[in-house]
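S.K.: One structure follows; several queries about it will come next.
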Amino acid sequence: MQQLSRPARRAVLVLHVAVSVSWLGLTLGLLALGLTGYTTGSPDMATAAYRAMKVFGDWLVLPIALMSLVSGLVLSLGTPWGLARHRWVVIKFWLTLLTLLLSVFALRPGINDLAAAAAAGTPAPGIHLVIAPAIATATYFFLTAISVLKPWGPTKRGGRLRAARSAGDRAGRARTSDPAGVGVRQQRASTSRGQ
């Protein structure tokens, strides 16, 4: 993929940070609602909490998760970070993809089931709607930390690309430091004197 221009990279970076932080805030909100529904002794409060979780699940979880994944892919492919050059980028990509899939295929159906039970007047406490957002929140904090700290260095592929680029840079510097071929003329002169 072609490298993003500086303004485009900045715009995508702002979008990525905004939706990623929104995803983290959304899971914190889901965690608070899940805890409320699980620990309250009031069926009305549990019903309200599970219905609010359904609104978040129906309207926000999928769009925010997809925008986070897509903006992260655009950033990794459109900048020198690449998708497979650094371990932290690879781990962030796979964890984001996994949490997106779990959100769509596990969290949202669980929310829908409890919201339906609450609407029928039988809100049953759901510990899984406390555990899932808690795990998601911890995962997003971890993803935020590795985005800031960028640990673990390059992958094997990234190391090879870095070494090749360094060799090319050294060769380029050698050519630019000897622009008129002075070193070649001096070498020829010393060779002819030695004969």
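The values are calculated or read from the model by the stated rules, or taken from the named source; none is laboratory data. In this text, all values refer to a predicted model and were calculated from it rather than measured experimentally. Glycine also receives a Cβ, built like all others from the backbone with ideal geometry; neighbour counts cover every protein chain displayed. Just the protein is used for accessible areas: all its heavy atoms, side chains included, with ligands, DNA and RNA removed. Shrake-Rupley method; radii C 1.70, N 1.55, O 1.52, S 1.80 Å.
S.K.: Roughly speaking, to the nearest percent, how much of the chain's 1.4 Å accessible area is carbon and sulfur?
M.R.: C and S atoms contribute 68 percent here.
S.K.: Would you give the gap between the C-alpha center of region 99-122 and the C-alpha center of region 1-41, rounded to a whole Å?
M.R.: 20 Å
S.K.: Could you put Lys156, Lys54 in order of accessible surface area, largest first, with the 1.4 Å probe and the full protein assembly present?
M.R.: Lys156, Lys54
S.K.: Here is a follow-up. State, in angstrom, two size descriptors of the chain derived from its alpha carbons: Rg to one decimal place and Dmax to the nearest whole number.
M.R.: Looking at the chain, its Cα Rg and Dmax stand at 26.7, 104 Å.
S.K.: From the residues Ala171, Ala18, Ala106, which one has its Cα farthest along the dipole of the chain in the positive direction, the dipole being from +1 and -1 charges on Cβ of Lys/Arg and Asp/Glu about the Cα centre?
M.R.: Ala171
S.K.: Still on this structure, I have one more. Heavy atoms of the protein only, probe of 1.4 Å, neighbouring chains included. What is the accessible area of Met45 in Å², nearest 10?
M.R.: For Met45, solvent-accessible area is about 100 Å².
S.K.: Between Ala145 and Arg9, what is the label-to-label distance in nm when each label sits 7 Å out along the Cα-to-Cβ direction?
M.R.: Each label point is offset 7 Å from its Cα along the Cβ direction, giving 2.8 nm.
S.K.: If you count only protein heavy atoms and use a 1.4 Å probe, how large is the accessible surface of Arg85, to the nearest 10 Å²?
M.R.: About 70 Å², rounded to the nearest 10.
S.K.: When the dipole is taken about the Cα centre of region 1-127, and only Lys, Arg (+1) and Asp, Glu (-1) are charged at their Cβ, what size is it in debye, to the nearest 20?
M.R.: Computed about the Cα centre, the dipole is about 680 debye.
S.K.: Can you list the HN-Hα couplings for region 46-55, worked out from phi with the Karplus curve (6.51, -1.76, 1.60; θ = phi - 60°), rounded to whole Hz and with x for Gly and Pro?
M.R.: My calculation for region 46-55 gives 4, 4, 4, 5, 5, 5, 5, 4, 5, 4 Hz in order.
S.K.: Whose amide H sits under 5 Å from the amide H of His86, counting only residues 5 or more places off or on another chain, with H placed in the peptide plane?
M.R.: Those qualifying (amide H under 5 Å, at least 5 residues apart or on another chain) are Thr155.
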